[in-house]
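A short reminder: the numbers here are calculations on the coordinates, not readings from a lab. Source: prediction; values computed, not measured. Because the Cβ atoms are built from the backbone with ideal geometry, glycine has one as well, and the counts that use them run over all protein chains shown.
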Amino acid sequence: MNCFDQVEFADRAGIERIQAIRLKNTIYQATASRFYRGKLARAGIKLSDIHSHEDIGKLPFTTKEDLRSSYPFGLLTMPVERMVRLHASSGTTGSATVIFHTPNDLNSWADLVARCMHMSGVRPEDVFQNMSGYGLFTGGLGIHYGAERLGCLTIPAGAGNSKRQIKMLKDFKVTVAHIIPSYALHLGSVFSSAGVDPQSLHLRIMLIGAEPHSAEVRRRIEQIYGVKAYNSYGLSEMNGPGVAFECREQSGMHLWEDAYIPEIVNPETLEPVPEGEVGELVLTTLCREGMPVIRYRTRDLTRFIPGECPCGRKHRRIDRITGRSDDMIVLKGVNIYPMQVEKILMSIPEVGQNYLIVLEREGYMDQMRVMVEIRDEYFVEDMRTLQALQRKITALLREEILITARVDLVEHDSLPKNEGKAVRVVDKRDH
Ligand code: AMP
Ligand code: ZN
C-alpha cells in the first residue's frame, strides 16, 4: 500500500460518495465567481438541489467561448491576490484561455500527476526527464511537480535541442521520460547522427500525451526506445496532465473520478450517449477552489471503455482520443479525422516518422494531399519501387477514408517540425 492507494482503489460507492460531497462544495465555491453566480442563477440552480453525483445533469454546460468571454478574471472565486500561478491553453483553435491556481489547487494537481505516474509504474528511485515545453503549457510545470511529489530526480529538460536531450538521457541514466509523441518519433531519428543507440539507454517508461496519436505511433515509440509507453490525457482547463492516464494494462486511461466528474455526450443533443459509444467528453472539476469549471465541453471525442480493468481500479477508463469535434475534415461530403490517416500511414513500414495533410481547392474541387516522409533506406530505391509504394499508400488510405488522396513521398526530415504539439493539417482552401 502507498499513500495513493486508498482513493485510487476505492470502490464505486466510495467514489460516488466523494463525488457527491465535492460536487456540492464545488457549486458552493463556484457561486463566488461572477461568471457562475450569473450562470447558475439563470439556470435556477440552488445549492440545495445538489445531493449526489447524478445531479450533475441539472447543471449548465461551460464552453471555451464562456471562458474567453469572461477573460481574464471572470471565473475566479477569490481575489486574484490569492492566486499563485496561471497557465494557458495552447490555443490550437482560436485565442488562448487562462486558468488560475491557488496553492491548494497546485497541491492537488501535483498529487494527481504523482498518482498517474505511480500507476504506470514510476517509482521514487526513477530518474525522470521532462521533455515538454515549460512556460504557459501545462506539460512542463504540471508534470514536473508531480514527478517531484513522487520523489523522482526530475530533470526539467524542456522541449527541443535534441542532441542535448540525448546526452542527458545517457549521462544521467534517465529511466523515465515525458515527451510529446510527435517529438518522440522525431527524436528517435536524431539518435543515429548522435552515435547513440536508443536501446542502449536506461529508459524503461515513456509517458506520452498532450496530442492525439494512434496506437501505431505508440507501438513505434515502444520499438524505437525499447520502453513501455503510457498515454497521458489532460487539458489546461482541467489543470493539464493528471486527468486520465493509462495503467500498466495499457487498455484505456483511468479518469480520476474523485477529482473530476466525466460525462460523454452527443455533441449535437448534449444528451449522454449510450455506455461505450463515442461522444464528446464533458468534465467538472471537483478539487479546484480558485477557478472551478462545471460541465466543461472539452470537444475531445472518446468513449468509456465498458467493463472493469484487470488492474482492479474502479475509476472508469476512457479510450484513446480519436480527435476533436472541431478537428474533423469535411472533404467532398465525407467526414475524416486526421487520426484515421495517421493510423494507416504509421502501419506502413516504409513510412518514416512525420506526415502532413494539406487541403487544397482546385477549381471547384477540394483535394487532400498527404505528404509522407519515407525512411532513408527506401528513398534511395528506383522510381518504380517508389511509385508502387505511392500506389500502395493511396489504396490503403482510400480503404480507410473513402477518398483518393494525392500522396507525395518526401525525404526524411523534410516536413516542418513543431517543438510543441504537431500541426497535422494545413487547410489552404479559401472558405
Ligand atoms: P492544452 O490545454 O492546450 O494543453 O490542450 C489540451 C488538449 O490536447 C486536449 O483537449 C486534447 O485535445 C489534447 N490532448 C491532450 N492529451 C491528449 C492525449 N493523450 N491524446 C489525445 N489528445 C490529447
Ligand atoms: Zn487499469
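How high is the FRET efficiency between S200 and E16 when r is their beta carbon distance and R₀ equals 41 Å, given to the nearest 0.05?
The value I calculate is 0.30.
For segment 188-334, what size does the Cα cloud have along each of its three principal axes, sorted from largest down, in whole Å?
Taking max minus min along each principal axis of the Cα atoms, segment 188-334 gives 54, 44, 34 Å.
Give, in nm to one decimal, the length gained when the segment between R82 and I403 is fully stretched (0.36 nm per residue of separation minus the Cα-Cα distance).
So the extension gain works out to 110.2 nm.
Over the Cα atoms of segment 329-427, each weighted equally, I'd like the Debye log10 I(q)/I(0) at q = 0.11, 0.13 Å⁻¹, rounded to two decimals.
-0.31, -0.44
What ratio of Cα Rg to 2.2 N^0.38 Å holds for the chain? Before the final figure, lay out each step's value.
Working: Rg = 22.3 Å, N = 431, 2.2 N^0.38 = 22.1 Å.
Normalised by 2.2 N^0.38 Å, the Cα Rg of the chain equals 1.01.
Can you tell me the relative contact order of segment 329-427? Whole percent, Cα pairs under 8 Å, sequence separation 6 or more.
Contact order relative to length: 33 percent.
Taking K332 as the anchor, which aspartates and glutamates have their alpha carbon closer than 13 Å to its alpha carbon, excluding any fewer than eight residues away along the same chain?
Answer for K332, where 13 Å is the Cα cut-off: E360, E362, D366, listed by chain and number.
Amide H neighbours of L331 under 5 Å, counting only residues 5+ apart in sequence or on other chains, H built in-plane at 1.01 Å?
The list, which skips near neighbours in sequence, is I336.
Two decimals, Cα atoms only, Kirkwood Rh: what is Rg/Rh over segment 115-246?
A ratio of 0.92.
If R0 is 25 Å, what FRET efficiency do you get for S325 and E360 from their C-beta distance, rounded to 0.05?
Given R0 = 25 Å and the Cβ-Cβ separation, E is 0.60.
Using Cα pairs under 8 angstrom and six or more residues apart, how large is the relative contact order of segment 1-325, in percent?
Taking the mean separation of contacting Cα pairs over the length of segment 1-325, I get 18 percent.
Filter the cross-link list K64/K163; K163/K228; K170/K343 down to pairs whose alpha-carbon distance in this structure exceeds 27 Å. Before the final figure, lay out each step's value.
Working: K64/K163 38 Å; K163/K228 22 Å; K170/K343 31 Å.
Where the Cα-Cα span goes over 27 Å, the pairs concerned are K64/K163; K170/K343.
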